[in-house]
Amino acid sequence: MNASVAAAWAALETLADPEIPVVSLRDLGILRDVREAADGLEVVITPTYSGCPAMGQIEDDVRATLANAGIAARVVTQLAPAWTTDWMTEEGKEKLRAYGIAPPHRTPAGSNVVRFIAKPAQVETVPCPHCGSAHTVESSHFGSTACKALYKCLDCQEPFDYFKPY
Amino acid sequence: MKPATDYLLHLADNALVLGQRNAEWCGHGPILEEDIALSNVSLDLIGQARLLYQLVASLKGGNCTEDRLAYFRETHEFRNYTLLELPHHGPLSGYAQSSMDYATTIVRNFLYSALMALLWEALEKSANADLAAIAAKSLKEVRYHLRHSRDWLVRLGDGTAESHARTQAALDHLFPYTQEFWAQSPAEAAAISAGIGVDVTTLKADWNAIVDAALGEATLVRPEVGGYVTEGKKGIHSEHLGFLLAEMQSLARAHPNAQW
Ligand SMILES: [Zn+2]
């Protein structure tokens with residue numbers, strides 16, 4: 001890794017997600033790459049959900065952070081391969097839990113089970129981020145944002161968001 | 001290029017029109033959770049539409065932009081399925097906000113999501129790499145839309161006598177419009193021969209399996225279909241699309257080039 005690429009990574013290392021500020025864009029897997037193109041440095045980001053309203057903000061934040069660090073780089077948005085919650089770092093998942101959001105399970109292999117199975121054979125357990133209880137129920141498939149579902153803990157009675165596998 | 005843009009506009013218009021329709025529930029949902037769910041589904045759909053319009057704009061070049069495609073085309077230029085532009089009402093109810101019918105919303109979202117879960121998966125292999133990338137993202141999203149609408153279909157269908165009757169009525173009203181899925185348009189035919197599009201009729205058996213399994217669980221009866229096949233994807237729309245577009249496009253047309 002040459003010096004300018006390393007400097008860009010260092011500048012962006014702790015840049016927080018605008019929606020969930022306890023995790024960084026790098027933790028979430030949104031910041032994909034910093035590379036040297038023919039005409040200069042390129043920072044690659046990938047959108048989470050197609051309609052995520054934070055994407056514009058994220059792009060602006062990346063640009064501003066690079067500018068503040070005196071780094072000249074282009075910001076490139078890349079769709080493929082599609083973002084997945086499996087790219088989230090373990091550290092990022094732990095920060096989510098501490099913040100009160102249950103981190104995502106791994107995406108199921110193949111993922112096309114929804115086609116023919118009427119109901120999942122076994123509903124996945126989402127442990128409560130507050131008390132750790134596995135005794136939780138889903139209240140709604142969609143929580144405060146499209147990427148989260150709303151759950152309730154039947155032990156401590158607290159509601160919480162679950163970051164859905166994507 | 002033309003086979004690609006015509007086909008992409010069909011996919012984009014589907015997503016935008018249904019996204020706009022579902023957004024009508026924002027602030028009016030039957031319960032708070034559903035208000036939020038429908039708004040989130042709309043965001044996904046409008047996000048998918050934006051990616052597709054951006055791709056069309058880049059293929060067309062010149063001064064074409066995603067906003068130009070969404071806000072400055074007329075009714076007959078839209079290529080969405082007629083099913084998606086219908087209001088949230090059964091055929092015999094009024095058109096007041098208060099007579100919006102959640103069963104109609106759920107049945108439509110279910111019928112469309114069941115198709116798109118299959119179509120996006122097939123489009124991951126499109127010869128157009130940009131479309132394949134959009135399909136891979138959209139597939140992840142539509143699986144949640146299908147799960148949401150399917151769960152509510154079962155809950156309403158296998159619910160009270162009132163919820164069952166309204167859901168069956170919504171199904172009877174909307175199901176004939178799904179005939180349009182299987183009637184190939186010239187734009188689809190061109191995209192299929194270019195390797196960009198997917199022949200939707202190859203997905204029909206799987207769609208039937210998803211629909212029949214859910215209807216069975218929901219204790220609903222699959223209506224017989226026949227008669228007129230709508231042609232929204234050829235630009236021949238119901239009277240409802242004009243009103244939807246008027247509301248959606250009025251701001252951009254009143255203040256062209258406005259930024260906020
Ligand atoms: Zn708890």
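Every number in this text was worked out from the coordinates using simple rules, so none of it is lab data. Just so it is clear, the structure is predicted and the values come from calculations on it, not from any experiment. Cβ placement follows ideal geometry from the backbone for every residue including glycine, while neighbour counts extend to all protein chains displayed.
General remarks:
- Cleavage-rule hits, chymotrypsin sites (Phe, Trp or Tyr not before Pro), segment B:100-130, DSSP coil, Cβ neighbours within 10 Å at most 13: none
- Between B:Cys26 and A:Ser133, the FRET efficiency from the beta-carbon distance, with R0 = 41 Å, is close to 0.75.
- Measuring between their Cα centroids, segment A:1-74 and segment B:12-89 lie 29 Å from each other.
- The DSSP beta bridges internal to segment A:3-77 are antiparallel in roughly 60% of cases.
- Space enclosed by the convex hull of the alpha-carbon atoms of chain A, per residue, Å³: 128
- Prolate/oblate/rounded call for segment B:217-260, Cα gyration tensor, a/c under 1.5 rounded: prolate
- Sum of -39500 (n - 2.57) over DSSP H runs of 4+, divided by residues of the protein assembly as shown (222 nm, nearest 500): -15500 deg cm²/dmol
- Each listed q (0.19 Å⁻¹) maps to a log10 I(q)/I(0) for segment B:113-163, found by the Debye formula over equal Cα scatterers with no solvent: -0.61.
- The GluC sites (Glu not before Pro) of segment B:163-254 that DSSP puts in a loop, and whose beta carbon has at most 12 other beta carbons within 10 Å, are B:Glu224, B:Glu239.
- Measuring from each cysteine beta-carbon in chain A, the ones with no other cysteine beta-carbon under 4.7 angstrom are A:Cys52, A:Cys147.
- From the largest down, chain B spans 56, 42, 33 angstrom on the principal axes of its Cα atoms.
- Summed side-chain charge close to A:Ala72 - residues other than A:Ala72 whose Cβ falls under 13 Å, Lys, Arg +1, Asp, Glu -1: -1
- Of all DSSP beta bridges confined to the protein assembly as shown, the antiparallel ones make up roughly 70%.
- Dipole moment magnitude, nearest 20 debye, the protein assembly as shown about Cα centre, only Lys, Arg, Asp, Glu C-beta charged: 460
- Positive-end residue, segment A:1-109 charge dipole about Cα centroid, Cβ charges, pick of A:Ser4, A:Ile45, A:Ile71: A:Ile45
- From least to most packed, judged by other beta carbons within 10 angstrom and beginning with the fewest, B:Phe72, A:Phe160 follow the order B:Phe72, A:Phe160.
- Neighbourhood charge, 12 Å Cβ-Cβ cut-off, centred on B:Val200 and excluding it, Lys, Arg +1 and Asp, Glu -1: -2
- Unsatisfied cross-links (Cα-Cα over 31 Å) in the set A:Lys95/B:Lys137; A:Lys152/B:Lys204; A:Lys152/B:Lys125; A:Lys152/B:Lys233: A:Lys152/B:Lys204; A:Lys152/B:Lys125; A:Lys152/B:Lys233
- Positive-end residue, chain A charge dipole about Cα centroid, Cβ charges, pick of A:Met55, A:Leu25, A:Thr125: A:Thr125
- The per residue volume of the convex hull around the alpha-carbon atoms of the protein assembly as shown is 160 Å³.
- For the segment A:141-149, counting C-beta atoms of other chains within 10 Å of every residue's C-beta and taking the mean gives 6.
- Segment B:23-77: GluC sites (Glu not before Pro) in DSSP loop, at most 15 other beta carbons within 10 Å: B:Glu74
- Environment charge of B:Leu244, counting only residues whose C-beta is closer than 15 Å and scoring Lys/Arg +1, Asp/Glu -1: -2
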